[in-house]
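Trainee: Pasting a structure below so you can have a look.
Only the coordinates and a few stated rules stand behind these numbers; no lab work does. If you're wondering where the values come from, they're calculated on a predicted model, not measured in any experiment.
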């Protein structure tokens, strides 16, 4: 396979089931035009930042769930049917120990690296990791500005208005 030229950049999700399927499909369709290959935000990340609501916010001891989507899997399928969270009373600092993006990237990179070694992905192509901004990762889920600031990891929060 020829060296990648990099005149196409994929940003965001690729609606396929696995990182391997994303890599092979993108290679078949775009091949040498891609310099960087995303893993497509597959699996738990298939609905972009909703994975943070499910795996981080809903399980965090300092955050309480105000509303969850009606679907059994916790994925919102309608605009108004989304997660909503707030800080528990008295919380003035949040720590997030594992947002799982590094774990998911490491898993996908193993697939990418193997396909590149096999010559399926062009030589010189790089693995692309895409992360939501802190605001993008929480603004949809926290209605109150104080809660949004805390969920972004701000250290000095304004006093609780209660």
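Trainee: Taking the chain as the reference, fit the longest principal axis to its C-alpha atoms, fit the long axis of helix 101-117 to the helix C-alpha atoms, and give the angle between the two in degrees, 0 to 90, nearest 10.
Mentor: 0 degrees
Trainee: Count the DSSP beta bridges whose two residues both fall in the range 19-151, then state the antiparallel fraction as a percent rounded to the nearest 5.
Mentor: Details: 4 of 8 bridges.
The antiparallel proportion sits near 50 percent.
Trainee: Right, something else. Relative contact order of the chain: what whole-number percent is it, with Cα pairs under 8 angstrom and at least 6 residues apart?
Mentor: Details: 236 pairs, mean separation 44.7, N = 162.
It comes to 28 percent, rounded to a whole number.
Trainee: Using alpha-carbon positions, what is the distance between the centroids of the range 94-113 and the range 13-77, in Å?
Mentor: 12 Å
Trainee: Mind checking the angle between helix 19-30 and the chain's longest principal axis? C-alpha axes, 0 to 90 degrees, to the nearest 10.
Mentor: 50 degrees
Trainee: Where does the chain land on Rg/Rh, using Cα atoms and the Kirkwood Rh?
Mentor: Working: Rg = 18.8 Å, Rh = 17.5 Å.
Across the chain, the Cα-based Rg/Rh ratio is 1.07.
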